[in-house]
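J.: Have a look at the structure that comes next, please.
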Amino acid sequence: MAIIIKPLVTEKQTKITEKNPNRYGFIVRPDADKLQIKNEVEKLYNVTVKDVNTCRYAGKRSSRYTKAGLIRGQKNAYKKAYVTLKDGDTIDFYSNI
């Protein structure tokens, strides 16, 4: 089963990648550890991973008012992984488009 769910392609992550050209972000499964993330990135993108940092985010409660009344729910919890590559390695997320 895949450890990486999707790459992070947001404005904030783009600024981080511009500042540090060899750092990329991914949304990963919450039960994945750093070694599994490292192995999967190296296998998928044919690069050498130098470091992996992870962050866990809790699901936040949300509510909104509609014509039908108050709707309450909860956003999903997820885990982010920031991967630092060896100097000279890059990942091109847009090559498959």
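The values are calculated or read from the model by the stated rules, or taken from the named source; none is laboratory data. All of these numbers come straight from a predicted model, not from anything done at the bench. In this analysis, Cβ positions are derived from the backbone assuming ideal geometry, glycine residues included, and neighbour counts consider all displayed protein chains. Areas reflect the complete protein model, heavy atoms only, side chains present, ligands, DNA and RNA absent. Shrake-Rupley method; radii C 1.70, N 1.55, O 1.52, S 1.80 Å.
J.: So, for the chain, what is the accessible surface per residue at a probe of 1.4 Å, expressed in square angstrom? If you can, show how the numbers build up before the last one.
T.: Details: 7340 Å² over 97 residues.
For the chain, the per-residue accessible area is 76 Å².
J.: Can you give the FRET efficiency for ALA68 and ASP92, using 1/(1 + (r/R0)^6), R0 = 41 Å, r = Cβ-Cβ distance, to the nearest 0.05?
T.: 0.35
J.: I've got another one for you. What is the set of long-range amide H partners of LEU8 at a cut-off below 5 Å, with H atoms built 1.01 Å from backbone N?
T.: GLY25, PHE26, ILE27
J.: In debye, nearest 20, what is the charge dipole magnitude of the chain about its Cα centre with +1 on Lys and Arg Cβ and -1 on Asp and Glu Cβ, if you could check?
T.: That gives a dipole near 800 debye.
J.: Here's a follow-up. Over the chain, what percent of the accessible surface lies on carbon and sulfur atoms, probe 1.4 Å? Show your work: numbers first, answer last.
T.: Working: 3590 of 7340 Å².
Summing carbon and sulfur atoms, their accessible area is 49 percent of the total for the chain.
J.: Pairs of lysine in the chain with Cα under 12 Å and at least 8 positions apart or on different chains: total?
T.: On the way: LYS6/LYS79; LYS6/LYS80; LYS34/LYS50; LYS34/LYS79; LYS34/LYS80; LYS38/LYS50; LYS50/LYS86; LYS60/LYS75.
The number of close lysine pairs in the chain is 8.
J.: Using only alpha-carbon positions, what ratio does the radius of gyration of segment 17-74 give when scaled by 2.2 N^0.38 Å? If you can, show how the numbers build up before the last one.
T.: Details: Rg = 18.0 Å, N = 58, 2.2 N^0.38 = 10.3 Å.
Against the empirical 2.2 N^0.38 Å value, I get 1.75 for segment 17-74.
J.: What label, among (i) 56, 37, 22; (ii) 54, 27, 24; (iii) 54, 31, 18, belongs to Cα extents along the principal axes in Å computed from the structure on display?
T.: The value computed from this structure is option (ii).
J.: Let me ask you something else. For the charge dipole of the chain, defined by +1 on Lys and Arg C-beta atoms and -1 on Asp and Glu C-beta atoms about the Cα centroid, which residue among TYR65, VAL49, LEU35 has the Cα displaced farthest towards the positive pole?
T.: Of TYR65, VAL49, LEU35, it is TYR65.
J.: Using each residue's phi in segment 28-42, evaluate 6.51 cos²θ - 1.76 cosθ + 1.60 at θ = phi - 60° and report the 3J(HN,Hα) Karplus result to the nearest Hz, with x for Gly and Pro.
T.: 10, 5, x, 8, 7, 9, 5, 5, 5, 4, 4, 5, 5, 5, 5
J.: Can you list the residues, at least 5 places off or on another chain, whose amide H is less than 5 Å from the amide H of LYS50, using H built in the peptide plane?
T.: Here THR84, LEU85, LYS86 satisfy the definition.
J.: Let's test the formula: R0 of 35 Å, r as the Cβ-Cβ distance of ASN39 and ARG61. What FRET efficiency results, to the nearest 0.05? Working shown, then result.
T.: On the way: r = 35 Å, r/R0 = 1.00.
E between ASN39 and ARG61, to the nearest 0.05, is 0.50.
J.: Can you list the HN-Hα couplings for segment 43-55, worked out from phi with the Karplus curve (6.51, -1.76, 1.60; θ = phi - 60°), rounded to whole Hz and with x for Gly and Pro?
T.: Along segment 43-55, the couplings run 6, 6, 10, 6, 10, 10, 8, 8, 8, 10, 10, 10, 9 Hz.
J.: Another question about this same structure. What full-extension length gain, to one decimal in nm, is calculated for ASN46 and ILE16 as 0.36 nm per residue of separation minus the Cα-Cα distance? Don't skip to the end; give the middle numbers.
T.: Working: separation 30, 0.36 × 30 = 10.80 nm, distance 2.15 nm.
Once the chain is fully extended between ASN46 and ILE16, it gains 8.6 nm.
J.: Counting only trypsin sites (Lys or Arg not before Pro) that are in a DSSP loop and have at most 12 other C-beta atoms within 10 Å, tell me the longest site-free stretch of the chain.
T.: Working: sites that count: LYS60, LYS67, LYS75, LYS86.
Longest stretch, sites excluded: 1-59.
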